[in-house]
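Worksheet for the structure shown next.
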Amino acid sequence: MELLERQRLGIVGFGAFGRLVAEVLGPHFDLKVHDPAYTHATLADGSDIAMGPLQDIARCDVVVLAVPVAAMRGLCLELGPMLAEGTLLVDVGSVKMHPMAIMVELIPAHIEIVGTHPLFGPQSIGNTVAGKKIALCPVRGTRWRWVSAFLRRLGLDVIVTTAREHDQELATVQGLTHLIAKVIVEMGPLPDRMTTASFDCLVDAVNMVKDDSAAVLDAIEASNPYAADVRDTFFERAAHLRGQFDAQSTP
């Protein structure tokens, strides 16, 4: 597969991340979207993307799965038999081990599989993907090298890793960020007058993730097998620190 060849790319799911994938990759592929929740697919600039049934998406050269982890098994059961030899299957989820295991189990062996996780989102992408990080997990086949080269051409910092290593690190990186953001949002409204630079940075971080869907939070906290240990450690140390302050404030 030549890097400069314009190919057909199908996206399953047109939520926040599916839309982001379409906006970033639209200039480089002939796009088609499938999402039963939408009657038409329109990007921020007003341009429309062709929509079609799942059978049409399965005939694309590259198929991107942008669906919640909870929907992955049902989707792969339906999509797997439709995929033709030569198709490259890619996912963009926040968790890698569980979705990758499902894809390996249910997707025919002649389909190459690559797991990816853009380490940014609609709130943090800014005006360009250049300089942003993306994790890439080779699963089946050799065309992950083509994916890596293409992403680097876009200016992305590609981190090649395994699904296990990804989930171990992201349990802290995303797990703590979303956990703390969830608590802070529920403590709101937050002060916005006499703020420090560090507090402003904290608010900026919260704002980047506070509008993420419940499915994203569920994937990060419930579908990552390492997240529970990170949460336990965080709450244990927070409780210890609280105990120290409570003891100092006791008359």
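The values are calculated or read from the model by the stated rules, or taken from the named source; none is laboratory data. In this text the structure is predicted, and so the values were computed from the model without any measurement. Neighbour counts run over all protein chains shown; Cβ positions are idealised from the backbone, glycine included. What goes into the accessible areas is simple: the full protein's heavy atoms, side chains included, and nothing from ligands, DNA or RNA. Shrake-Rupley method; radii C 1.70, N 1.55, O 1.52, S 1.80 Å.
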* Single match in Met97, Met103 (criterion: surrounded by 21 or more Cβ atoms within 10 Å (Cβ to Cβ), aliphatic (A, V, I, L, M) and under 25 Å from Leu217 (Cα atoms)) -> Met103
* Looking only at residues in region 195-216 that are open to solvent by 60 Å² or more (accessible area, probe 1.4 Å) and of a type in the set (Asp, Glu), which one is modelled with the lowest pLDDT? -> Asp211
* **The listed residue being modelled with pLDDT of 95 or more, out of contact with any His (no Cβ under 8 Å at 6 or more places or on another chain) and either open to solvent by 60 Å² or more (accessible area, probe 1.4 Å) or farther than 19 Å from Val21 by Cα (or both), out of Pro68, Pro108, Pro118, Pro53** => Pro108
* Structure fact -> Checked Asp192, Asp200, Asp157 against criteria (within 19 Å of the chain's Cα centre (by Cα) and not hydrophobic (A, V, I, L, M, F, W, C)); the one match is Asp157
* Structure fact -> Output for Cβ contacts, cut-off 6 Å, separation at least six or different chains, first residue at pLDDT 95 or above and part of a helix (DSSP H, G or I) in region 166-184, second open to solvent by less than 40 Å² (accessible area, probe 1.4 Å) and of a type in the set (Lys, Arg), reads His166/Lys96; Asp167/Lys96
* **Matching residues in region 222-237 - criterion: being at pLDDT 95 or above and not polar (S, T, N, Q)** => Pro225, Tyr226, Ala227, Ala228, Asp229, Val230, Arg231, Asp232, Phe234, Phe235, Glu236, Arg237
* Within region 127-150, work out how many residues are in contact (Cβ under 8 Å) with a residue 24 or more places away in the chain and not in a loop (DSSP other than H, G, I, E, B). => 13
* **Selected residue (only one of Leu25, Leu79, Leu43 is more than 30 Å from Gly175 (Cβ to Cβ) and either in contact with a Pro (Cβ under 6 Å, 6 or more places away or on another chain) or open to solvent by less than 70 Å² (accessible area, probe 1.4 Å) (or both))** => Leu43
* Asked: In region 8-19, what residues are outside any strand (DSSP E or B) and open to solvent by 10 Å² or more (accessible area, probe 1.4 Å)?
  -> Gly15, Ala16, Phe17, Arg19
* To do: Scan (1) at pLDDT 95 or above; (2) within 30 Å of Ala109 (Cα to Cα) for the single condition Ala219 breaks and write down its number.
  => (1)
* So which of Pro189, Pro225 ends up being at negative phi and either of a type in the set (A, V, I, L, M) or in contact (Cβ under 8 Å) with a residue 24 or more places away in the chain (or both)? -> Pro225
* So which of Ala22, Ala44, Ala37 is closer than 19 Å to Leu154 by Cβ, of a type in the set (Gly, Ala, Ser) and either in a loop (DSSP other than H, G, I, E, B) or modelled with pLDDT under 90 (or both)? -> Ala44
* Residue list for region 102-126, filter: outside any strand (DSSP E or B) and farther than 21 Å from Asp167 by Cβ -> Pro108, Ala109, His110, Ile111, Pro122, Gln123, Ile125, Gly126
* Do the conditions hold for Asp157, that is, is it of a type in the set (Asp, Glu) and within 26 Å of Ala228 (Cβ to Cβ)? -> no
* **Some residue of region 159-169 being more than 16 Å from Pro99 (Cβ to Cβ), of a type in the set (A, V, I, L, M) and open to solvent by 80 Å² or more (accessible area, probe 1.4 Å)** => no
* Asked: Does Asp192 satisfy the criteria of being open to solvent by 80 Å² or more (accessible area, probe 1.4 Å) and either aliphatic (A, V, I, L, M) or assigned to a helix (DSSP H, G or I) (or both)?
  -> no
